[in-house]
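All remarks here apply to the structure that follows.
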Amino acid sequence: FEADATYTKFCAYATLEHAGNMVEAARSLGGQGYGDRRPYAPPTPVEDNPDRAGQRWLRASQVKVEKIDWLWPLYIPIGEVTMIVGNPGDGKSTIAQAIVTAVTRGSTLFGDEIPQGCAVFLSAEQSVKSVTVPRFNDMGADLDQIILPDEVNEMDEPVPFVLDKSGVDELRGMCLAERPKVVVIDT
């Protein structure tokens, strides 16, 4: 094992039992009944759309580059989609909440200035009352600048926020009214 390296269970198995050969480790585990045993099926070809206009192609040198505004310089562009990806337990929600905290305070992230404003935070995994708001409070966020869906509806009945058509319409309307600097959807 390498010092300061992180290993998944599979990588540890491959390292210990198969000298790091992952193909050999996968075959061995498959022979023991682990894994998906379905045969490979090639993807279904997509039918041509007769109404589709022909694709234009160009060289990168022909593209008129547009200036971009940054929420977090070189990491999060304003007006674009940014994804934080990782394994469960890696801290994706915590990082997202740290970004929101920086926005609400107009502070810095790793030395980079973050513009101040309000933020929307939606979480499918954690309770607003017992996890989300206490964590924001511990991080020093300006709680008045964070907009969250309530855990109850207008009739005081427990209800999660759902990103169905109505939920998307509600979120769009709220964003148009509040103009948040960042919207986090923590799935």
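The values are calculated or read from the model by the stated rules, or taken from the named source; none is laboratory data. As the structure is a prediction and not an experimental result, all values here were calculated from the model. Accessible surface is based on the protein model in full, side chains and every heavy atom, while ligands, DNA and RNA are left aside. Shrake-Rupley method; radii C 1.70, N 1.55, O 1.52, S 1.80 Å.
Taking amide hydrogens as placed 1.01 Å from N in the peptide plane, the amide H of LEU71 sits under 5 Å from those of ILE76, ILE78, each at least 5 positions away in sequence or on another chain.
Residues in the chain average 78 Å² of solvent-accessible surface per residue, probe 1.4 Å, ligands and nucleic acids excluded. Report, to one decimal in Å, the Kirkwood hydrodynamic radius for region 1-137 based on all distinct Cα pairs. Result for region 1-137 stands at 20.9 Å. Taking GLN116, GLN62, GLN145 in turn, the Gaussian network model of the chain (Cα-Cα springs below 10 Å) assigns the largest fluctuation to GLN62. Quick check: at a probe of 1.4 Å, how many percent of the accessible area of region 67-130 sits on carbon and sulfur atoms? The value for region 67-130 is 56 percent carbon and sulfur by accessible area.
Among LEU176, LEU58, LEU74, the residue with the largest mean-square fluctuation in a Gaussian network model of the chain, with springs joining Cα atoms closer than 10 Å, is LEU58.
Mind pulling the angle between the C-alpha long axis of helix 9-18 and the longest principal axis of the chain? Nearest 10 degrees, somewhere in 0 to 90. So the helix axis and the longest Cα principal axis differ by about 20 degrees. Stokes-Einstein diffusion coefficient for region 97-187 at 20 °C in a medium of 1.002 mPa s, Rh from the Kirkwood formula over Cα pairs: what value in µm²/s? After rounding, the answer is 156 µm²/s. Helix 22-31 and the longest principal axis of the Cα set of the chain meet at an angle near 80°. Between the Cα long axis of helix 165-178 and the first principal axis of the chain there is an angle of about 50°, rounded to the nearest 10.
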